Each structure stands twice: as C-alpha cells, then as structure tokens.
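Reading through the structure tokens given below for one structure.
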Amino acid sequence: MNRALTLAARGKGQTTPNPLVGAVIANRGKIVGEGYHAQAGRPHAEIIALQQAKQLAAGATLYINLEPCCHYGRTPPCTKAIIESGIKRVVLAMLDPNPLVSGKGKEELIRAGIPVETGLMAQQAYQLNEVFIKYITTQRPFVILKAAISLDGKLATASGQSRWITGIQSRQMSHQLRQEVDAILIGKGTVLADDPLLTVRLPEVKAKNPIKVVVDSTLEIPLEAKIFSAQSPASTIVATLRHAPREKIKQLEERGIRVLILPEKDQRVDLAELMQILAQEEVASIMIEGGAEINATALQLGIVDKVIFFIAPIIIGGKSAPGVLGGTGFPDLKKAVRLEKIQIKKLGRDYMLQGYIRQTTVSSK
C-alpha cells in the first residue's frame, strides 16, 4: 500500500478533476504489476497495473489507495476489468467519496466473490487526496494560503523590499507547490508591487504552469504586467466588479485575458463567489499568493483550508512594514483562526510551517 501511495503521488497537479490513484498487484509475495493515474482521460491506475501483470493477475492481490470506479466517465469502469482479470483479493486504503462510487465499487467486487479489505493506511490516503475529497464533496476548490514571512510576520520591509526574505530552498518548494495546484490567486497589490510571473521554475523539470487569477476590483493593473506577457504562458483570469472601466476590460479581452465580472462584497470582489465559478470549471485547487488584504479577506470568509508559511529567521520590524494579514483582524481571541495537524520542516535556514484551518466553513456570498 505504501508503494501504491508513492505511485499515486506522481500524478500531483496533473489529474484534476480526478483523484490521485496508485495500484500494485502482488502474487505470491512478488509485485507483478503496478501503475498510477497520470492525467484525466488517460487509463486508471488499476488498468495499467493489470496490463503489466497480464496472466499473473489471476489469483493475485490488488492494493489500491482509493476504491475502484464502477461507472462510465472519461474511461470505462475499473471494477469490470478487475473482476475479469481473476484478481482474488482487493485491499483498499479508503472508499471513494465521489457519490457516483462511494461504496458501490466495493460492493460490486464483493458480489463477484472478491474479498475486499478497507482501511490500510487510510490516514495517509486521505491526506494525499485532500484536494479531491474537498472538491468532490463540496463542489468548492481546496484553498491553500501561502506566504513567505520574517520571524515577526512581515511580508516586506517598510520600503516594500521583499526579495528575498526566504532562501533558495524555500523558493524551490514554493515552485513545487505551484506545480501541484490548478490555479494561483493574487490581488492587484501584488502585481503592482512585485510584478510576478507566477510560473513554475524548477531545474530539470518540464513544468505545468497553473492558471493565474488576479483580483482587481478597479482594473488598475497595467497591461504591461509580466503575467500578461509571453514569459507567463498559462491562461489568465482577471476578476473585477461591474464599475470597472469598460475600455480596460476590452483591452484585456483583446489580449486573450478572460475578465470575470463578479458580485461585490464589502466593496471588493466576492472571493467566495469566485471560488464557486472556478470550481464549476474544474479548478479543484487554488493557492493564494497575495498580500495582506487578500489573505485577511480569504481567512475571514472561511474559504481557506490549509496554511503554508515559509518563515525566515530574520526580524524586519517597523509599524508600516506589511504583515501577512491586513484588515481589521479578529477582535475576539475565541474567533481567531486556529490551525491543527501542524507540521514543521526545515528548509535550509528557513522553516516551512503548514497546518489546516480548524472547522473551515465555506461562505456562499
């Protein structure tokens, strides 16, 4: 099962809207077939493993981190192939939360006389597919709030200098995270201050660049911004409000930029509504790499699932130096955002802290 999970992880950032799945077939103590789901529309992990095992699948045990599908989607059901192969036993880490499957695949195998065990390494399987689980059960994207900060929580100095607060190892990890999500979201302030490319830049890796989403209620971002250039090839979406300049909207659209006119909430773009629209377009994961205001708004709306902070061992100070969160904050400690399942990892001189928002709720508007 550990091998199946390792294989499944190879598909990170490539399988949306499908889950990450790995499969291993063992016969008489030896692995005779294995595979993983590489991309939506391509063969599922079980099918690849069965094709590799061939006749050795008969009488073997199939280990898989997620319940096999039993319905026709972009590919045929995997349960039928498993039954026809002669597999004698199936071990699952967890059932598929997709309502189209959700125990039905397991039941079909049992009816065919194949014993099914469930729960082996379930916690690891759940964490691996946390994006898919959130997306398929709520029809909302899994949202990560990421920031690089000083020890005293500053995003930049009072003069606006932010390159580079963290070291190269942290920046490489940030690019790895970008490759694993469907979209990156920033506000106009980040464009005006940093003019980022928002691309994935990893050595010796053929990168998949995520969709770029820019929130700008007044369309102040310049047409010359790097995110609109050929250097940043992924598609770009600009979310704005009804009163945005029509001429600027036209100019953006003429350059192939998609402009979304969204409802207003507290004189800003309604981020919760934006999440709903993106989910409808099979954007299952989003990483917010914005500034203090958009970070605060996302947390207050309850749309954030996971926080990742890269913390450098430096102290910047200064009342006017921007902190990681703006807005009015939470005046009552009981309402403060609390994290659970916290993990800390050392990256060079920095520390990467990640945790999950406790009792996350999704606001509709």
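The values are calculated or read from the model by the stated rules, or taken from the named source; none is laboratory data. Because the structure is predicted, anything quoted here is derived from the model rather than measured. Positions of Cβ are backbone-derived with ideal geometry, glycine not excepted, and every protein chain shown enters the neighbour counts. Just the protein is used for accessible areas: all its heavy atoms, side chains included, with ligands, DNA and RNA removed. Shrake-Rupley method; radii C 1.70, N 1.55, O 1.52, S 1.80 Å.
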Quick calc, the chain, dipole around Cα centre from Cβ unit charges on Lys, Arg (+) and Asp, Glu (-), nearest 20 debye, gives 720
Restricting to lysines and to Cα separations under 22 Å from Lys30, and discarding same-chain partners fewer than 8 apart, the set is Lys54, Lys88
Flagged as over-length at 23 Å C-alpha distance, from Lys134/Lys341; Lys208/Lys248; Lys146/Lys188; Lys12/Lys146, the pairs are Lys208/Lys248
Output ordering of 89-95, 30-36 (per-residue mean of other Cβ within 10 Å, highest first) is 89-95, 30-36
The chain accessible area per residue, 1.4 Å probe, protein heavy atoms, integer Å², reads 48
Quick calc, the range 142-189, dipole around Cα centre from Cβ unit charges on Lys, Arg (+) and Asp, Glu (-), nearest 20 debye, gives 160
Amide H contacts under 5 Å for Ala93, restricted to residues at least 5 apart in sequence or on another chain and with H modeled in the peptide plane, are Ile64, Asn65, Leu66, Gly119
